[in-house]
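A quick write-up on the structure given underneath.
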Amino acid sequence: MKLKNEQFTEAGFIFEKANGNSHSEYEKQIIAESELTKFKPNELEQIIVDGLNSGIYKKEEERVSGYWSLSKIGNRNLIPEYRKWLRTELENENRIAVFQILIGLDRLDEPAFDENRKGRRADETELNFRDGKTYLNGN
């Protein structure tokens, strides 16, 4: 099953809800209207992981959305997947995907960013690539 970009947003909100996060009325409406609520959160997670691993998301934008939605789960079992994806995205020099994966790892309490780094922005490509490579070399 291939999710559309807007469905990744829905999935992220569904994951947040499952984790007990509160939502705005807008976000509640998105969840209520989503066809993805027919899946349990762990099933939805597996659909996204399988899609990313199968290569059906050809565009970087799609993969970034997938990484973002998975970052809302808080499942530390995804760390090996994030590491694998980081290696691939670094090899292909996909700057936004690398940044989103670093954010996902950071949300899982992984030391993905250099501890002395002041900011964390998507447009800090060199720093993000450096931190990603350093992280992978240490793990």
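The values are calculated or read from the model by the stated rules, or taken from the named source; none is laboratory data. The shown structure was predicted, so the numbers you read here are calculated from the model rather than taken from an experiment. So basically every Cβ, Gly included, is an ideal-geometry build from the backbone, and we count neighbours across all protein chains shown.
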ask   = How many of the residues in segment 4-29 are of a type outside the set (Phe, Trp, Tyr), within 24 Å of residue 56 (Cβ to Cβ) and buried (at least 17 other Cβ atoms within 10 Å of the Cβ)?
value = 6
ask   = When you scan segment 114-130, how many residues do you find that are of a type outside the set (S, T, N, Q), outside any loop (DSSP other than H, G, I, E, B), surrounded by 10 or more Cβ atoms within 10 Å (Cβ to Cβ) and over 17 Å from the mean Cα position of the chain (by Cα)?
value = 2
query = If you check 44, 86, which single one turns out to be in the same structural domain as residue 128 (by TED's automatic domain parsing), surrounded by 19 or more Cβ atoms within 10 Å (Cβ to Cβ) and either part of a helix (DSSP H, G or I) or within 14 Å of the chain's Cα centre (by Cα) (or both)?
reply = 86
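Okay, residues lined up against (1) modelled with pLDDT under 90; (2) β-branched (Val, Ile, Thr); (3) more than 25 Å from residue 94 (Cα to Cα); (4) touching an Asp or Glu at 6+ places or on another chain (Cβ under 6 Å):
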residue	(1), (2), (3), (4)
22	yes, no, yes, no
32	yes, no, yes, no
45	no, no, no, no
52	no, no, no, no
56	no, yes, no, no
ask   = Do we have residue 114 as touching an Asp or Glu at 6+ places or on another chain (Cβ under 9 Å) and more than 20 Å from residue 2 (Cβ to Cβ) here?
value = yes
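Conditions tested, residue by residue: (1) touching a helix residue (DSSP H, G or I) at 6+ places or on another chain (Cβ under 6 Å); (2) of a type in the set (A, V, I, L, M, F, W, C).
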{"residue": "74", "(1), (2)": "no, no"}
{"residue": "99", "(1), (2)": "yes, yes"}
{"residue": "117", "(1), (2)": "no, no"}
{"residue": "121", "(1), (2)": "no, no"}
{"residue": "128", "(1), (2)": "yes, no"}
{"residue": "135", "(1), (2)": "no, no"}
task = Determine which single condition residue 57 fails, assuming it passes every other condition in (1) in a loop (DSSP other than H, G, I, E, B); (2) exposed (fewer than 14 other Cβ atoms within 10 Å of the Cβ); (3) aromatic (Phe, Trp, Tyr).
result = (2)
